[in-house]
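What follows is a set of notes on a single structure, which appears directly below.
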């Protein structure tokens, strides 16, 4: 009851000035925060939903023959709650194979120095995308071919532990 009387004694003018001042301070803080974030001086990334990319890599057939074709299928899935932007998958081809083609083709995917670079765009939460790389197994290929793929995004990835994968293929 005493608290209520204290508030009543202050009157309309007190509350008007108090609330007006509080709203002004909140507005100024919001304005300065927006300006600072826009210029990259501060960041509130911890408040935004983040993507969580995961990667799978499979080889078909599981056992291949020399002078035969081998197909690598790369699947990227966004298991997070935010959009992943500018997704890039780099697949390092093993010794003993030569690059034949990819899907998507050039310019989205291209090969340079045994690495197939695929720029796959963006993925919303829950979406997935695939890329396919076809190689020719050379006559001098080793008994086991080991390929590695990694995925990166320009957006902070929530979990980096599932962004790299390796697959082994036997050669007969």
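All of the numbers you see were taken from the coordinates with simple rules; none came from a lab. All of these numbers come straight from a predicted model, not from anything done at the bench. Heads up, the Cβs are rebuilt from the backbone with ideal geometry, glycines too, and the neighbour counts pull from every protein chain shown.
Across all Cα atoms of the stretch 94-145, the radius of gyration (one decimal) and Dmax (whole number) stand at 13.5, 43 Å. What is the calculated FRET efficiency for residue 148 to residue 22, with r their C-beta to C-beta distance and R₀ = 45 Å, to the nearest 0.05? That gives a FRET efficiency of 0.20. Give the shape of the stretch 49-171 as rounded, prolate or oblate, defined through the alpha-carbon gyration tensor: a ≥ b ≥ c are the square roots of its eigenvalues, a/c under 1.5 means rounded, and otherwise the shape is prolate if a/b is larger than b/c and oblate if not. It is prolate, given that a/c is not under 1.5 and a/b is the larger ratio.
Between residue 122 and residue 48, full extension at 0.36 nm per residue minus the direct alpha carbon distance yields a gain of 25.0 nm. With just the Cα atoms defining each centre, how far is the stretch 55-105 from the stretch 107-123? Give it in Å. Centre-to-centre distance over Cα atoms comes out at 10 Å. Counted residue by residue at 0.36 nm each, then reduced by the alpha carbon distance between them, the extension gain from residue 108 to residue 166 reaches 18.7 nm.
Here the simple spin-label model places points 7 Å from the Cα toward Cβ, and for residue 69 and residue 130 these points are separated by 1.5 nm.
Under 8 Å for C-alpha pairs, at least 6 residues apart: give me the relative contact order for the stretch 49-171, rounded to a whole percent. Reported as a whole number, the value is 38 percent.
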